[in-house]
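Comments concern the structure below.
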Amino acid sequence: MAEQRTSFLDLQADDVAALATAQDAPIAVPADYLGTVVANLQGLWRHAAVVKAALALASDAPAPTGPFEP
Amino acid sequence: MNRLGVLDIAAAIASRRFSAETVISETFRRIVRDDHAINAFTAVLADQALSDARRLDADIAAGRPIGPLAGVPFAVKNLYDIAGLTTLAGSIIRKDEPPALADAPLITRLKAAGAILVGALNMDEFAYGFVTENHHYGPTRNPHDLTRVSGGSSGGSAAAVAARIVPLSLGSDTNGSIRVPAALCGVFGLKPTFGRLDRTGVFPFVDSLDHVGPFARSVEDITVAYDVLTGGDHPVAPTLDALSEQPLRVGALGGWFVQGAFPGVLGSLSRVAQALDATPGVIAPGAEAARSAAFCLSAYEGARLHDADLRARAGDYDPAVRDRLLAGAFLTDDVAGMAQRYRRIFQAEVRALFADYDLLLAPTVPCLAPVIGQPTMMLNGQAVSVRQTLGVYTQPISFIGLPVLAAPVNRPGALPAGVQLIAPPWREDLALAAGLRLQRAGVVAANPPESAP
């Protein structure tokens with residue numbers, strides 16, 4: 001899967017819809033379901049924003065170094 | 001006979017009250033009679049199962065040793081490898097794959113204990129859903145009300161047990177896929193600690209989050225099955241009685257875990273909390289972000305797993321699954337990294353709660369079973385997607401891999417509602433012991449519908 005130039009986390013809400021049809025999109029979305037994919041993408045952007053905001057409150061938390069252990 | 005549970009059947013066969021062949025024949029009679037309405041099964045293994053039953057009967061007649069699940073019929077979600085069958089994982093994309101060469105190890109363990117595999121069960125495509133309204137194979141209908149969903153993604157596994165077609169089934173749970181259908185169909189479902197049970201031979205969805213586990217209609221039944229599935233290390237059943245009598249400090253999660261819950265669900269939760277003398281309003285900070293992180297990780301990993309097929313044949317997916325997987329393809333690696341980082345933070349927050357509580361309590365789903373095809377439901381005054389919301393209380397818990405017994409509150413004649421009994425990591429025994437205590441007090445119980453569909 002090709003890497004994107006811009007991190008998904010750096011996008012603004014208004015940019016998300018354009019992402020699905022961008023020249024450098026990581027995957028081509030057929031026009032028939034572009035609308036529903038964009039709706040899902042916007043949902044994921046909102047979820048990512050929630051996590052980003054929560055992490056900002058715990059900025060000293062270290063990045064994980066190994067597999068998750070319950 | 002169909003009212004009998006796992007332990008009842010095993011005891012009846014061991015004592016020669018029934019033959020295994022009689023039990024398996026009755027199981028297939030139930031499938032033929034009832035499954036046209038429920039649509040839980042996608043494959044039945046009549047010849048093999050009857051052959052296994054006859055072999056078991058011969059072993060018993062010859063006085064050879066038999067296992068603790070001897071003659072117990074069971075079925076598995078169709079993402080488990082079954083030797084000789086193609087592992088569909090709810091899709092048509094995989095229907096031309098070669099048949100599995102061997103059973104998944106968990107099936108092998110159940111068979112080694114004498115259980116008899118009778119079929120494969122319907123699910124949301126590739127386990128990405130909470131409703132089992134499968135685009136290709138049809139919806140699995142809730143045995144309590146055939147107009148309603150069974151929950152998902154292990155909807156066939158829950159419905160087959162709730163309809164008393166089989167007393168035992170296996171499913172998988174990435175974000176709630178054992179617990180949600182257990183709640184909506186009114187049966188017990190156990191999601192063990194992340195990594196506890198072998199996932200080999202189970203078609204993956206999200207490697208970071210996938211769990212596997214059993215469904216049954218009583219705590220004793222699910223415990224004996226769990227002990228067999230773990231391979232016999234540290235069995236829970238021998239000490240379950242004693243443990244259920246021990247004092248338990250229980251915290252009922254508030255905040256995120258009750259927001260938007262329907263009155264019937266809150267009332268059921270309150271009965272369980274009262275029976276366990278739970279401390280109310282315990283807050284797990286960050287549950288909303290944990291759920292969001294689970295959403296992101298699921299879409300990210302799911303999209304990468306399906307990358308080749310999404311590019312080559314996206315139109316062959318269930319549309320509800322396809323659209324979410326395609327959206328996940330746009331998530332960059334740092335989104336997954338962020339989710340994994342937040343996972344450790346939330347884990348530490350919840351771990352701190354276990355310093356004060358042996359067990360945490362939460363509702364399983366915010367509502368009773370929605371109607372099939374219902375697109376939205378009201379949550380906190382907002383219309384939200386049914387498909388994405390049924391896991392609102394389950395996702396934060398599986399995100400950090402905690403063991404959970406999903407237990408049906410005793411509501412005879414009413415649509416089922418369930419609770420999550422959430423234990424510290426590797427302490428499935430505590431969740432099962434609390435379940436047994438509640439079951440003996442009449443607070444939780446599977447109440448299969450009296451009438452056949």
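Values quoted throughout were computed directly from the atomic coordinates according to the rules given, and no laboratory measurement underlies them. Keep in mind that this is a model prediction, so the values were computed, not measured. For neighbour counting, all protein chains shown are included, and Cβ atoms are generated from backbone atoms with ideal geometry for every residue, glycine included.
Computed as a quarter of the hull surface, the mean projected area of the alpha carbon convex hull for the protein assembly as shown stands at 22.8 nm². In this structure, the amide hydrogen of B:L117, modeled 1.01 Å from its nitrogen in the peptide plane, lies closer than 5 angstrom to those of B:F74, counting only residues at least 5 positions away or on a different chain. Let me see the pair-distance distribution of region B:193-303: every alpha carbon pair, 5 Å bin width, integer percents in order. Each 5 Å bin holds this share of Cα pairs: 2, 9, 12, 13, 16, 20, 18, 8, 1, 0.
Direction-averaged shadow area of the convex hull around the Cα atoms of region B:328-377, nm²? Across all orientations, region B:328-377 yields a mean hull projection of 6.2 nm². Per the Kirkwood formula on distinct C-alpha pairs, the Rh of region B:123-232 is how many angstrom? Here the Kirkwood hydrodynamic radius works out to 13.6 Å. Backbone phi angles across region B:87-103, fed through the Karplus curve with coefficients 6.51, -1.76 and 1.60 (θ = phi - 60°), yield HN-Hα couplings of 7, 7, 6, x, 10, 9, 4, 9, 5, 9, 5, x, x, 5, 7, 8, 5 Hz in residue order; Gly and Pro are listed as x. Please enumerate, by chain and number, the lysines with C-alpha under 17 Å from the C-alpha of B:K77, excluding those fewer than 8 residues away in the same chain. Here the lysines satisfying the reach criterion relative to B:K77 are B:K95, B:K111, B:K191. A crude spin-label estimate for the pair B:S385 and B:A14, with each label 7 Å from Cα along the Cβ direction, gives 4.8 nm. Enclosing the Cα atoms of chain B in their convex hull gives a volume equal to 126 cubic angstrom per residue.
Look at B:F194, B:F354 and count the other Cβ atoms within 10 Å of each Cβ; fewest to most, that gives B:F354, B:F194. Proximity of backbone amide H atoms, modeled 1.01 Å from N, is registered between B:V444 and B:N410, B:Q439 at under 5 Å, excluding neighbours fewer than 5 places apart on the same chain. Spread over its residues, the convex hull of the C-alpha atoms of region B:35-122 is 97 Å³ per residue. About the centre of its Cα atoms, region B:164-321 shows a dipole size close to 360 debye [charges on the beta carbon of Lys, Arg (+1) and Asp, Glu (-1) only; nearest 20 debye]. Backbone geometry of region B:111-118 corresponds, through the Karplus equation with coefficients 6.51, -1.76 and 1.60 at θ = phi - 60°, to 3J(HN,Hα) couplings of 5, 4, 7, x, 5, 10, 6, 10 Hz, x marking Gly and Pro. Ordered by the count of other Cβ atoms within 10 Å of each Cβ, fewest first, B:Y317, B:Y128 give B:Y317, B:Y128. Evaluating kT/(6 pi eta Rh) at 10 °C and 1.306 mPa s, with the Kirkwood radius of region B:242-375 over Cα pairs in the Stokes-Einstein relation, gives 90 µm² s⁻¹. In order along region B:63-68, the Karplus-derived 3J(HN,Hα) couplings, from 6.51 cos²θ - 1.76 cosθ + 1.60 at θ = phi - 60°, round to x, 6, x, 10, x, x Hz, and Gly and Pro are given as x.
Rounded to the nearest 20, the Cβ-based charge dipole of the protein assembly as shown about its Cα centre (Lys and Arg +1, Asp and Glu -1) stands at 1020 debye. Label sites at A:L57 and A:A28, each approximated as a point 7 angstrom past Cα along Cα to Cβ, lie 4.4 nm apart. For region B:353-428, the relative contact order is 40 percent, taking Cα pairs closer than 8 Å that sit 6 or more residues apart in sequence and dividing their mean separation by the residue count. Across every pair of non-identical alpha carbons in region B:357-453, the mean reciprocal distance, once inverted, gives a Kirkwood radius of 14.9 Å. Modelled label positions at B:D277 and B:A242, each set 7 Å beyond Cα in the direction of Cβ, lie 2.2 nm from each other.
Taking all Cα pairs closer than 8 Å and separated by 6 or more residues, the relative contact order of chain B comes to 18 percent. For region B:223-351, the relative contact order works out to 23 percent when only alpha carbon pairs closer than 8 Å and six or more residues apart are counted. Shown for B:M378, B:M338, B:M123: other C-beta atoms within 10 Å of each C-beta, ranked fewest to most, produce the order B:M378, B:M338, B:M123. Seen from all directions on average, chain A presents a Cα convex hull projection of 6.6 nm².
Under a 5 Å amide H cut-off, with hydrogens placed 1.01 Å from N, B:D103 pairs with B:A83 among residues at least 5 apart or on other chains.
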